[in-house]
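Working notes, beginning with the structure itself.
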Amino acid sequence: LGDLNVRAGELLWSAGSPGELPLLFYAYCVDPNHWLNTSQMIAVRSSDDLDTSWVDDAGPKAAWLINTYAPSIHDSGSNTDAAALQIAIWSAMYNQSGSVSDGPFRLNSTGPVATVAQNMLTSVFNGPTGFNASSSSWLDAAAGQDQMIPTPEPGTWLLLGTGLAAAWRIARRKQED
């Protein structure tokens, strides 16, 4: 992965077209080698399709971390927690060993972020089948930074579906007029 100096933590996104209410969501980077662009075209894919050459089931491991920790960090966590989750995700994606300091991705610092990140990563490798896995959405950027978002709660899916259905109805009525 190289000797990188990168920022770690939660990214808050605003998506949509000018003149529309923006869709706000948060995400975590899954590839420290690609930089964030101000405008990106993405394909939404399943985390099950996200693998690296170094780790089996890298995407499902990262999805488990995001689904387990990101919602509470977003609601009431600290910057330390968000940075630690980011480090744990990168470690899960690139280190087969379950360590933040041993493998292709290595954290070269100590302190609270390193300690919390290692605890999160250790929890991934304590699953019933040797590791915990989940599924989430992976935002695959053709040029830019690939990211992952937590799987929304069922109520959020219902609200999103209702909003999309209403938007479709309005668009259809405009076509009929």
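The values are calculated or read from the model by the stated rules, or taken from the named source; none is laboratory data. What you see is a predicted model; the values in this text were computed from it and never measured. Cβ placement follows ideal geometry from the backbone for every residue including glycine, while neighbour counts extend to all protein chains displayed. Ligands, DNA and RNA are stripped out before the accessible areas are found, and what is left, the full protein with its side chains, is counted by its heavy atoms. Shrake-Rupley method; radii C 1.70, N 1.55, O 1.52, S 1.80 Å.
Structure values in brief
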read-out: Calculated from backbone phi, Karplus (6.51, -1.76, 1.60) coupling profile of segment 83-93 in Hz, x at Gly/Pro; value: 5, 5, 4, 4, 5, 5, 4, 4, 5, 5, 6
read-out: Pairwise label distance in nanometres, SER17 with ASP49, each label 7 Å out on the Cα-Cβ vector; value: 2.5 nm
read-out: TYR69 accessible area, 1.4 Å probe, all protein chains in place, Å² to nearest 10; value: 50 Å²
